[in-house]
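Student: Okay, here's the structure, questions in a sec.
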Amino acid sequence: MRKNVVVAVSTTLAVVVVGALIRRWKQWKEQQLRKTNQIIRKFASECATPVTKLWQVADDLVSSMKISLVSSHETTTLNMVISNVTSLPLGDEEGFFYGVNLQGKHLLMLCARLGGKNKPISALQREEISIPDAVLAGASEEIIDYVATEIAKFVSSHPEIDDGAPAKKKKLGFTLSYPVDEILPFAATTFQRKSANNPVHKGMVKELNKALTNHGMKMHVSSLVDETIGGLAGGRYYNRESVAAITLGMSTNAAYVESTEEVANDLTQSPNSSELVISMEWGKFNSPHLPLTTFDASVDAESSNPGSEIFEKLISGMYLGEVVRHVLLKLAQETDLFGSRVPPKLMTPYLLRSPDMAAMHQDTSEDREIVSEKLWEIFDIDSCSPMARKMVAEVCDIVTERGARLAGAGIVGIIKKLGRVENRKSVVTVEGGLYEHYRIFRNYLHSSVWEMLGKDLSDNVIIEHSHGGSGGGVGVFLAAAHTHAHRADS
């Protein structure tokens, strides 16, 4: 009897202890969940971009643009580089043209026939190669000679269709994309001067044309320009109301057409032109109204250029995933979101790329299986609860919404600077993988412009995806514009 009583008491005590442990574990999980929600709510609040804030950012951008345009020296937030592109397409250009784009170690070459007004592009051919490491290790002259050699090979393999234009009068459209400084370090200065008409730029064009001549090329390059200006040329070919182009990819930039009267006299390239093409370098833009957080401060401090490119660190693909990683790391450290051990790879900078972030964010499966797969693939996180996956998607959403809406505010700012918000239609061309492939980012950008302008004015701003894509494609439109301008001057 006593033995049975002892067993019963022991069993009861065990049940009580186990019950207490379960209750304590549930309380701990609830506390962790509350803390997770608190961190995310605080982050969301600090990242908020209501319409009033978006207009503050847009107005600050307009002010910075005006200050930079009348200054002969670089300003603290915007360089506003005046391009030496003196002509944009009119839309009636016809003929067979070549375009080239250099991005990092990748060289993209493209050719196509433009048919003029309301006629499609035809005879499109493209080729992309990677510049060998052995070439990259050489002197800049060797790299330029290699590029010229490959261009000559491409032109030889895809000879122009006879359109009655002498080859020697044709121009080659050449655009440069980030990260051009990895290949041609001196080329980066082309975009860092108040005027693109500087000795470094002229020297690059001269050396490239010399190399092209040495390889039997009759076509020459008139200028090396940022790919965003190429996007503007592509937009202008299809629509005369195309006034600006935006690049939203791993990096970001904006280019637009400005009246010569708005620019300091000593900066204008062509006194006979009424318009100038401006590369804003808007990644450098900063404003006290930008919704910055402690996570952004950490990303900035750990970057290669702390204190600089603040706007870029909020809206470009290079940094969106890094901000998300910082937030997830804090959650892992303070709330055990991914278990009691912080995943070591979560502490590795720039491991989360924007395409992977987009895949997690846009995961519509019932259990967010893609989120789970990506966390394992990128950070070796093998056990992730449904709640944790939901939190990851929510963090991605907060960062994406902020970046896209700020980019939208930048677009509205440009249109406001041009005085076209209320009384004229304006077309803005956008290119880059972030805009093209990240559907939610694209939707947030469009909705921010609509919210800022309202029902009555939002139809005045038309945002279109880049015609011909980025790089070499838009170089074809530059080649057409330069060639026709050259003929007109002859």
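Student: Report the one residue of 129, 91, 151 whose Cα lies farthest in the direction of the positive end of the charge dipole of segment 76-176 (charges on C-beta: Lys and Arg +1, Asp and Glu -1; origin at the Cα centre).
Tutor: Projecting each Cα onto the dipole axis, the largest value belongs to 91.
Student: Note down the nm distance, to one decimal, between modelled labels 7 Å out along Cα→Cβ at residue 119 and at residue 330.
Tutor: Going by the 7 Å Cα→Cβ label model, 5.8 nm.
Student: Moving on. Using Cα positions and a limit of under 20 Å, work out the aspartates and glutamates in reach of residue 210, with same-chain residues fewer than 8 apart set aside.
Tutor: 141, 142, 145, 150
Student: Tell me which GluC sites (Glu not before Pro) from segment 62-129 have a DSSP coil assignment and no more than 13 other beta carbons within 10 Å of their own.
Tutor: Answer by residue number: there is no such site.
Student: Share of segment 42-171's accessible area from carbon and sulfur, percent, 1.4 Å?
Tutor: After summing per-atom areas, the C and S share lands at 53 percent.
Student: Hey, what's segment 220-311 come to in accessible area per residue, 1.4 Å probe, Å²?
Tutor: 36
Student: Between residue 239 and residue 214, what length in nm is gained on full extension when 0.36 nm per residue of separation is reduced by their alpha carbon distance?
Tutor: Full extension from residue 239 to residue 214 adds 5.2 nm.
Student: Quote the accessible area belonging to residue 259 in square angstrom, nearest 10, computed with a 1.4 Å probe and with ligands, DNA and RNA left uncounted.
Tutor: 40
Student: Could you derive backbone 3J(HN,Hα) for segment 385-393 from the dihedral phi with the Karplus parameters 6.51, -1.76 and 1.60 (θ = phi - 60°), listing whole Hz in sequence and x where the residue is Gly or Pro?
Tutor: Once θ is set to phi - 60°, the couplings for segment 385-393 become 5, x, 5, 5, 5, 4, 5, 4, 4 Hz.
Student: Given a Förster distance of 35 angstrom, what is the FRET efficiency for residue 440 paired with residue 348, based on the Cβ-Cβ distance and rounded to 0.05?
Tutor: Here the calculated transfer efficiency is 0.85.
Student: How large is the accessible surface per residue of segment 383-428, computed with a 1.4 Å probe and reported in Å² as a whole number?
Tutor: For segment 383-428, the per-residue accessible area is 31 Å².
Student: Follow-up question, since we're still on this one. Would you mind computing, in nm to one decimal, how far apart the modelled labels at residue 46 and residue 301 are, each placed 7 Å from Cα along Cα→Cβ?
Tutor: Label-label distance for residue 46 and residue 301, simple model: 1.2 nm.
Student: From the P(r) of segment 205-247, could you give the percentage of C-alpha pairs in the tail past 15 Å?
Tutor: Every Cα pair in segment 205-247 considered, those over 15 Å come to 54 percent.
Student: If you build the convex hull over the alpha carbons only and average its shadow over all orientations, what do you get for segment 414-468? Give it in nm² to one decimal.
Tutor: Approximately 4.0 nm², given one-decimal rounding.
Student: Only sites in a loop by DSSP and with at most 16 other Cβ atoms within 10 Å count here; which GluC sites (Glu not before Pro) in segment 307-398 make the cut?
Tutor: 366
Student: Something else: Among residues other than residue 275 whose Cβ falls under 13 Å from its Cβ, what is the net charge (Lys/Arg +1, Asp/Glu -1)?
Tutor: For residues surrounding residue 275, the net value is -1.
Student: Let me ask something else about it. Per the 1.4 Å probe, what fraction of the accessible area of segment 313-413, in percent, lies on carbon and sulfur atoms?
Tutor: The computed percentage sits at 47.
Student: Please give me, ordered by residue number, the chymotrypsin sites (Phe, Trp or Tyr not before Pro) of segment 349-409 that lie in loop per DSSP and have at most 16 other Cβ atoms within 10 Å.
Tutor: Hits after loop and neighbour filter: 350.
Student: Here's something else I'd like to know. Checking the cross-link filter: which aspartates and glutamates have an alpha carbon closer than 15 Å to that of residue 425, excluding same-chain neighbours under 8 positions apart?
Tutor: 241, 456, 459, 464
Student: If you don't mind, there's one more thing I want to ask. Give me, ordered by chain and number, the residues 5 or more places off residue 124 or on other chains with an amide H under 5 Å from its own placed amide H.
Tutor: Amide H neighbours of residue 124: 113.
The values are calculated or read from the model by the stated rules, or taken from the named source; none is laboratory data. The model shown is predicted, which means the values in this text are computed figures rather than measured ones. So basically every Cβ, Gly included, is an ideal-geometry build from the backbone, and we count neighbours across all protein chains shown. Quick note on the areas: whole protein, heavy atoms, side chains included, nothing else; ligands and nucleic acids left out. Shrake-Rupley method; radii C 1.70, N 1.55, O 1.52, S 1.80 Å.
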